[in-house]
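The values are calculated or read from the model by the stated rules, or taken from the named source; none is laboratory data. A quick note: this is a predicted structure, and the numbers were derived from the prediction, not measured. Backbone-built Cβ (ideal geometry, glycine too); neighbour counts: all protein chains shown.
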Amino acid sequence: MVAPTPDLAAAVRVRLFAALRERAGWGERLVPLGASPSSAADLWHRLALDDSPAADAGGLPPSIRVAINQAFAAPDTPLRPGDEVAFLPPISGG
Amino acid sequence: MPIPSPGHPIDVHLLEASFQPLELLAAWQRSLATDGHDSPGATGSAAESHFIGRVRPTTASGEPLEALELEHYPGMTETRLQAIAEACAVRHGAGAVLVAHRVGRVLPGEAIVLVAVQADRRGPAQRCVQELLEGLKHHAPFWKREWSGGSGTWVAGNTPL
C-alpha cells in the first residue's frame, strides 16, 4: 500500500488490469490525493507505472486508456476524492 | 434515416462457464416472442443476424493454444457492452440485441462471443452485428491472455477484420 492508513475521504482508488497489473505487481490500491489537484496522468507518473525509458513526463503512453468511475475519461481530467481511476492496457475483446 | 424504436431490448451476458450459442439464441428468441415488446423484435422480426466467435486453436505466433484467458473490468465491461449495443441499435434502427461474452478460461473451439440483432431488414441487422462486434472488440474492457506451453502471453491487440 502507498500509505498505511490512507484517509479514504481524500484518496482515490487506483485499479490496474491485465499486463499492467502484472508489471506493477498490484491490482488495486488507495492513493491519497495531494494538496494540489491531480489527474490520472499525474498519478501514472507518481506511481511510476511507466516502464519505458523515454516515459513522457507530461502524459500517458498512447496505448493506455483511463477510466474514471468506470467510464472512459481524458487522462488530464481532475480527480475528486473517492474516484475510482483505472489504467487500461490495449483492449482485446471478442 | 430510420426512426429508432424506443427502449430497444438489450440483453448482455458475461458468462464464466462454457455455453452453447444456439441454445442461448433459442432462449433469447423465445423470451422475445413472449415479452410482447413493442419493438421490431417483439413478435419475430423479418430479419435477424447472428455472429458466433470461437477460440482458434493457435496463438498469434502460430503455436498450439492450450487456453485463452479473458480478464474483464467487472461493472464497467457490462456497462460498456450495454451502451455500445444500445447506440448501435439506435443508429441502425434495429430492434432487439443479444450480446453474450465469455470471461475466464476458454478452450480452443469453445464459443467466446455471440451477437444477435433483430431488425425489419437484413441491412440494419447485419450492419448492427458487425459494428457491435468491432465496438466490443475495441471499446469494452476485455483482455486476452494466450496460454501455450505452460506460459501466458497478454494479447496486445485484435486480429484483423
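Among the residues that make up the range A:5-16, is at least one of them within 14 Å of another protein chain (Cβ to nearest Cβ), at pLDDT 95 or above, surrounded by fewer than 19 Cβ atoms within 10 Å (Cβ to Cβ) and out of contact with any Ser or Thr (no Cβ under 9 Å at 6 or more places or on another chain)? Checked the range A:5-16: at least one residue is within 14 Å of another protein chain (Cβ to nearest Cβ), at pLDDT 95 or above, surrounded by fewer than 19 Cβ atoms within 10 Å (Cβ to Cβ) and out of contact with any Ser or Thr (no Cβ under 9 Å at 6 or more places or on another chain). Selection of first residues in the range A:8-30 that are within 15 Å of A:Ser63 (Cβ to Cβ) and of second residues that are surrounded by 16 or more Cβ atoms within 10 Å (Cβ to Cβ) and among the small types (Gly, Ala, Ser), restricted to Cβ pairs under 9 Å at least 6 apart or on distinct chains, gives the following pairs, ordered by first then second residue: A:Leu16/A:Ala24; A:Leu16/A:Ala86; A:Phe17/A:Ala86; A:Ala18/A:Ser92. Annotation note: of B:Ser49, B:Ser61, the sole residue that is more than 17 Å from the chain's Cα centre (by Cα) and small (Gly, Ala, Ser) is B:Ser61.
Taking the conditions (1) hydrophobic (A, V, I, L, M, F, W, C); (2) in a helix (DSSP H, G or I); (3) within 30 Å of A:Gly27 (Cβ to Cβ) in turn, B:Ala33 satisfies each one other than (3).
Only one of the numbered conditions (1) at pLDDT 95 or above; (2) within 26 Å of B:Ala17 (Cβ to Cβ) is violated by B:Val155, and that is (1).
The number of residues in the range A:60-85 being outside any loop (DSSP other than H, G, I, E, B), closer than 19 Å to B:Gly135 by Cβ and within 11 Å of chain B (Cβ to nearest Cβ) comes to 4. Of the strands (runs of 3 or more DSSP E) contained entirely in the range B:46-161, those carrying at least 1 residues that are surrounded by fewer than 19 Cβ atoms within 10 Å (Cβ to Cβ) and touching a residue at least 24 places away in the same chain (Cβ under 8 Å) fall at B:47-54, B:67-72, B:104-106, B:142-148, B:151-154.
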